[in-house]
Amino acid sequence: MKNRATRYLILIVTSLLITGLNPTKAEDWMWWNKIHNWKPGMPSWKYFIKVSPGYLGPNALPVPDQIQGLVGDKIQFQTNFSSHFSDGDNTQDLSLRFYYPFIPGKVALELYGVAFEHYSMSTKVRDERAARDFDGKGFAIGDLYFATHIQLRKDKKGPDMALRLVGRTASGGAYDAARYSDSPGYFFDLSFGKYFHSNGLNKWRWFGTLGFKSWQTSSDEILQNDAGIYGFGLKRKSENSSVSVEVAGYVGYKDERDRPMVARVNWSKKMGNNKLFVGFQQGIYHIKYSTIRIGWIWEWNKNEL
């Protein structure tokens with residue numbers, strides 16, 4: 001009896017300790033219910049989170065990169081480390097990208113996404129986004145994007161033109177922390193560009209993008225937000241390196257911090273068969289992060305595999 005009582009006592013104490021370290025959901029969310037005046041019978045907490053680029057993490061609904069009117073002719077595998085800085089939300093992530101030209105320079109498949117994200121939000125940002133992550137810190141996995149690139153015209157008198165069709169899965173995690181949208185989406189764009197000056201060592205290219213982006217929202221009244229994509233920029237390319245500057249964004253119709261605009265500077269340098277990539281992005285409107293990105297690109301010709 002004594003041994004049995006001792007075992008029961010140990011079990012009770014252990015259970016209390018586990019409960020103290022991992023409180024029940026009802027106890028977990030008391031702080032959130034109080035801050036947002038939530039009461040039984042009201043809509044789920046999910047409806048309090050705004051699925052909009054200005055109310056989520058920096059990787060949730062980003063402004064698409066511009067492909068400058070060109071489809072590549074080499075297989076690429078790219079890995080990037082990014083650090084995003086803002087007032088109240090600092091984020092670091094590791095992203096991966098795979099690019100495969102089925103018909104080099106004509107048709108290509110691309111897969112990319114954030115493989116690992118670490119975030120740290122202030123209490124102010126946590127509450128503004130209605131996030132349910134008490135300490136505002138944690139880890140998440142990002143969405144997976146899959147794209148088809150099609151070269152429409154090239155080396156003509158007019159600009160080069162390429163069509164890109166992109167789908168997004170709902171694989172991103174930490175919706176309760178307002179990091180990702182937990183819903184699928186898509187976008188497509190038409191990019192164009194043209195080399196307009198060459199002095200032997202350097203070539204200059206202008207480029208631009210127009211497109212359409214759509215994603216699901218958390219609202220029962222407006223189930224989907226649609227946006228027009230835009231972008232323009234300038235690139236200088238030499239034999240072993242290139243640098244580009246651009247402004248890009250999209251304009252959602254809900255006007256709920258859904259009209260982000262960013263400015264970017266990207267630099268790459270060829271090192272053997274590979275490339276070193278360094279980029280800086282500054283949020284101008286609605287996505288207010290300053291982002292530094294460094295990456296490495298492995299390249300192969302199809303006949304080398």
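The values are calculated or read from the model by the stated rules, or taken from the named source; none is laboratory data. Because the structure is predicted, anything quoted here is derived from the model rather than measured. Neighbour counts run over all protein chains shown; Cβ positions are idealised from the backbone, glycine included.
Worth pointing out:
- Pick from region 260-290, criterion within 15 Å of Leu61 (Cα to Cα) and hydroxyl-bearing (Ser, Thr, Tyr), ranking: surrounded by the fewest Cβ atoms within 10 Å (Cβ to Cβ): Tyr285
- Contacts under 6 angstrom Cβ, first residue in region 286-305 being at pLDDT 95 or above, partner hydrophobic (A, V, I, L, M, F, W, C) and assigned to a loop (DSSP other than H, G, I, E, B), 6 or more apart: none
- Checking Tyr195, Tyr175 one by one, the residue that is under 23 Å from Gly233 (Cβ atoms), among the hydroxyl-bearing types (Ser, Thr, Tyr) and out of contact with any Leu (no Cβ under 8 Å at 6 or more places or on another chain) is Tyr195 and no other.
- Checking Tyr145, Tyr195, Tyr230, Tyr186 one by one, the residue that is more than 24 Å from Val262 (Cβ to Cβ), part of a strand (DSSP E or B) and modelled with pLDDT of 90 or more is Tyr195 and no other.
- Residues within region 219-229 that are surrounded by fewer than 20 Cβ atoms within 10 Å (Cβ to Cβ) and either out of contact with any strand residue (DSSP E or B) (no Cβ under 8 Å at 6 or more places or on another chain) or within 23 Å of Ala178 (Cβ to Cβ) (or both), tallied: 7
- Residues that are within 30 Å of Leu56 (Cα to Cα) and either acidic (Asp, Glu) or in contact with a Phe, Trp or Tyr (Cβ under 6 Å, 6 or more places away or on another chain) (or both), drawn from region 189-209: Asp189, Gly208
- Subset of region 93-109 [among the charged types (D, E, K, R) and either touching a residue at least 40 places away in the same chain (Cβ under 8 Å) or exposed (fewer than 14 other Cβ atoms within 10 Å of the Cβ) (or both)]: Asp93, Lys106
- Top-ranked residue in region 151-208 [being in contact (Cβ under 8 Å) with a residue 24 or more places away in the chain and of a type in the set (S, T, N, Q); ranked as surrounded by the most Cβ atoms within 10 Å (Cβ to Cβ)]: Ser191
- His36 at pLDDT below 95 and of a type outside the set (Asp, Glu): yes
- Hits in region 79-101 (condition: over 22 Å from Val125 (Cβ atoms) and touching a helix residue (DSSP H, G or I) at 6+ places or on another chain (Cβ under 9 Å)): Tyr100, Pro101
- Looking only at region 233-259, and only at residues there that are part of a loop (DSSP other than H, G, I, E, B) and basic (Lys, Arg), the one that is surrounded by the most Cβ atoms within 10 Å (Cβ to Cβ): Arg259
- Within region 58-77, being of a type outside the set (Lys, Arg), in contact with a Phe, Trp or Tyr (Cβ under 7 Å, 6 or more places away or on another chain) and more than 22 Å from Gly173 (Cα to Cα) holds for Gln66, Gln68, Gly69, Gly72, Ile75, Gln76, Phe77.
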